[in-house]
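> Supplied in C-alpha cells, the structure appears directly below.
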Amino acid sequence: MRATVLVRPKPGILDPQGEAVLGSLRQLGFAVDDVRVGRVVDVELGNGDREHAQAELERMCKQLLANPLIESYEIELVEDA
Amino acid sequence: MSASVCEPQPRVAVVTFPGSNDDGDAVLALAALGAEPVAVWHAEHELPDVQAVVLPGGFSYGDYLRAGALAHLAPVMKAVRALAADGGLVLGICNGFQILCEAGLLPGALRANHSLSFVCRDVAVRVERADTPFTRRCGESQSLRIPVKHGEGCFFADAALVAELEASSQVVLRYEGESPNGSIAGIASIANADGNIMGLMPHPEHAVDPLVGSTDGAFILGSLIDAARESLAEPVAV
C-alpha cells in the first residue's frame, strides 16, 4: 500500500514562499491570482488493513508530518495494483 | 565576569543535535558567566545532574520537514520534558525555540520570515516580563541589543492564542520597531504558563563579550544562571 500525504499552509496563513512564486509567475507573463506552496510526502506501507493504514497515517500527520497549528493535510491511500 | 568562589556553580546542560551550531558559543557564554556547562548529545536518554537545559541554535537535522520537527523527537527530549515537568529550567535559543514549539512545550509555531531572507543583525528587544527566571537581571521595559540570525523566526499563533498569551503575560521579549521577521505582535520570546520554559529567537550567547559588540545577552543567560543557582540551594523535598 502507498499513501500520498499533501500538507498545505492553512487558509489565512501568510505563505511567503507562495507569494514569491506568484511574483515570479507573473513576471513570466502568467495571469495568476494566488499561489500556495505545500509539501508532498509519499509513504510506502506494508500490505495490511486499509482502515488501520488510514488511522496510522492520521497519527503520522498529527505527530510529525504536519503542524496542525499552521498546516492542513490530506491523505490519499493507494492500494498496489 | 567570573563567579565568586563561594557561590555554588549551577550545572547547565547544552544539548547538541546533528546540525546544531551555536552549542559551542552557548557553552562558552555559560562558563564565562559562572555556570558549569555540560555538553549533552541528542541521542542520550538521560540528562546528567543539571539544574537547567539550553537547546542551542543551529539547523538540527538540516531543518528537514519543518525547523525543529525532527529534533523534538530525539531521545534526549524525553528527559528534557521530564526535567521541565519537574520545574527545571529550559531555555530554547533560535532553533531551540523552534524545537520547543514543535515539542508542544511552548505554544505557537515559527515560520519562514516574511521577507524570505535570512536575517543576521543586531536587533533591539524590549523586556516585557522582568520576573521570569530568564529575565530577572533585567529591568521592566529594558531595551536589550542582541543579534538575530535566522530564516524561520516569524512567530505565529492564531488570534485566540495571541490573546491568551498577552492576557497571561507570556510574551517575554518583543522586537522594538519593525520586527525582523514578521512575527505576530512583534513577539521575540515567549514563556510557558508556569514560567520555567522560555524560547527566544535572538542569540544571547553571541552577546556576552564586549569584543563582539553588545553584552546584553548576559542579562538573559545571567538570569538563567542565577535562577539555576537558587534551585541548587533549595533543600530537596522529602
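> When the residues of region B:157-181 are filtered to those that are of a type in the set (D, E, K, R) and within 28 Å of B:GLY87 (Cα to Cα), which remaining residue is modelled with the lowest pLDDT?
So, considering only residues that are of a type in the set (D, E, K, R) and within 28 Å of B:GLY87 (Cα to Cα), the one modelled with the lowest pLDDT is B:ASP158.
> Then there's this: What number of residues within region A:60-81 are of a type in the set (Ser, Thr, Tyr) and either farther than 12 Å from A:THR4 by Cβ or facing chain B (nearest Cβ under 10 Å) (or both)?
Adding up the residues that qualify gives 1.
> For region B:130-153, state whether one or more residues are part of a loop (DSSP other than H, G, I, E, B), under 21 Å from A:LYS10 (Cα atoms), acidic (Asp, Glu) and at pLDDT 95 or above.
Among the residues of region B:130-153, at least one is part of a loop (DSSP other than H, G, I, E, B), under 21 Å from A:LYS10 (Cα atoms), acidic (Asp, Glu) and at pLDDT 95 or above, which makes the answer yes.
> Could I ask something else about it? Check region B:110-122 and report whether any residue there is hydrophobic (A, V, I, L, M, F, W, C) and more than 14 Å from chain A (Cβ to nearest Cβ). Give the steps one after another, and end with the answer.
So in region B:110-122, the residues hydrophobic (A, V, I, L, M, F, W, C) come out as B:110, B:112, B:116, B:118-120.
If we keep only those that are more than 14 Å from chain A (Cβ to nearest Cβ) as well, we get B:120.
Scanning region B:110-122, I find at least one residue that is hydrophobic (A, V, I, L, M, F, W, C) and more than 14 Å from chain A (Cβ to nearest Cβ), so the answer is yes.
> Suppose we filter region B:182-238 for residues that are at pLDDT 95 or above, among the hydrophobic types (A, V, I, L, M, F, W, C) and over 12 Å from the mean Cα position of the chain (by Cα); how many remain?
Total meeting the criteria: 11.
> When the residues of region B:51-75 are narrowed to those that are aliphatic (A, V, I, L, M) and more than 16 Å from the chain's Cα centre (by Cα), which ends up farthest from A:LEU64 (Cα to Cα)?
B:ALA74
> Looking for whichever is closer than 18 Å to B:GLN51 by Cα, surrounded by fewer than 23 Cβ atoms within 10 Å (Cβ to Cβ) and touching an Asp or Glu at 6+ places or on another chain (Cβ under 7 Å) here; the options are B:ARG145, B:ARG229, B:ARG174, B:ARG126. Which one fits?
The conditions single out B:ARG229.
> In the list A:VAL7, A:VAL40, which residue meets the criterion of being under 15 Å from the mean Cα position of the chain (by Cα), within 14 Å of chain B (Cβ to nearest Cβ) and surrounded by 12 or more Cβ atoms within 10 Å (Cβ to Cβ)?
A:VAL7
The values are calculated or read from the model by the stated rules, or taken from the named source; none is laboratory data. None of the values given here were measured: they were computed from a predicted structure. Cβ atoms come from the backbone with ideal geometry, glycine included; neighbour counts cover every protein chain shown.
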